[in-house]
Amino acid sequence: MTTDAPHPPAVPAPASASTPTPAPASPSRAVGRPGDVSPFALGLLLRRAHWHAAAVMGEALRPFGVELRHFAVLIELVDHGATVQRDLAAVTGSDKAGIMRVVDDLERKGLAVRRAVPGDRRARAVEITPEGRELFDAVHVAAEPLAERLVAELAPGEPEKLTELLTRLTRDGIE
């Protein structure tokens, strides 16, 4: 009578280059819920904050017949004066065709004009008109109560801290 010897424990075969190693289960998936620690969490949160702010500010702009894309150009023109279209496209995150449509709209509404750039036959600088400046100022007055709504859930001092943090985060894209 022979006894069977115990079998040694199974040893997994070494992983080869063709056998992918499964990734460990990780709680860092982008789910967009509070506590999300994925590398995408902050970007998703900023995107949601942008959507919320855009909706609120859109309310302020609607009675004036302009949209955020138009107002972004007016802001740039007020801040920096006459600006060539390619620079407007860059600072507003638009492409060439998109900025042309926005400037066309602003011209049609009498809020901006294009002028030739001396020394460059192809370039056009965009300037805000007195009507554009008037609208710019009126929109700011109308937007004040809506802007307060944006930060209504924040404690005293937090809106300023949020502005400071976002300014630091986006500094490279501002200048």
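One table, with the values for the structure above:
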| quantity | calculated |
| --- | --- |
| Count - residues of segment 76-89 that are in a helix (DSSP H, G or I) and loosely packed, with under 15 Cβ neighbours inside 10 Å | 4 |
| Pair list, Cβ under 8 Å, 6 or more apart: segment 155-174 residue free of Cβ contacts under 8 Å to residues at least 40 places away in the same chain, other residue open to solvent by 80 Å² or more (accessible area, probe 1.4 Å) and of a type outside the set (Ser, Thr, Tyr) | THR167/ILE174 |
| From ARG29, ARG47, residue being within 28 Å of THR163 (Cα to Cα), modelled with pLDDT of 85 or more and open to solvent by 100 Å² or more (accessible area, probe 1.4 Å) | ARG47 |
| Selection within segment 93-140 - aliphatic (A, V, I, L, M), part of a strand (DSSP E or B) and surrounded by 14 or more Cβ atoms within 10 Å (Cβ to Cβ) | ALA112, VAL113, VAL117, ALA123, ALA125, VAL126, ILE128 |
| Number of the exception - ALA72 against (1) loosely packed, with under 14 Cβ neighbours inside 10 Å; (2) at pLDDT 75 or above | (1) |
| Test: residue in segment 120-130 that is modelled with pLDDT under 90 and of a type in the set (A, V, I, L, M) | yes |
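The values are calculated or read from the model by the stated rules, or taken from the named source; none is laboratory data. Predicted, not measured: the structure shown is a model, and the values here were computed from it. Cβ: placed from backbone, ideal geometry, glycine included. Neighbour counts: every protein chain shown. These area figures cover heavy atoms from the full protein model, side chains too; ligands, DNA and RNA do not enter into them. Shrake-Rupley method; radii C 1.70, N 1.55, O 1.52, S 1.80 Å.
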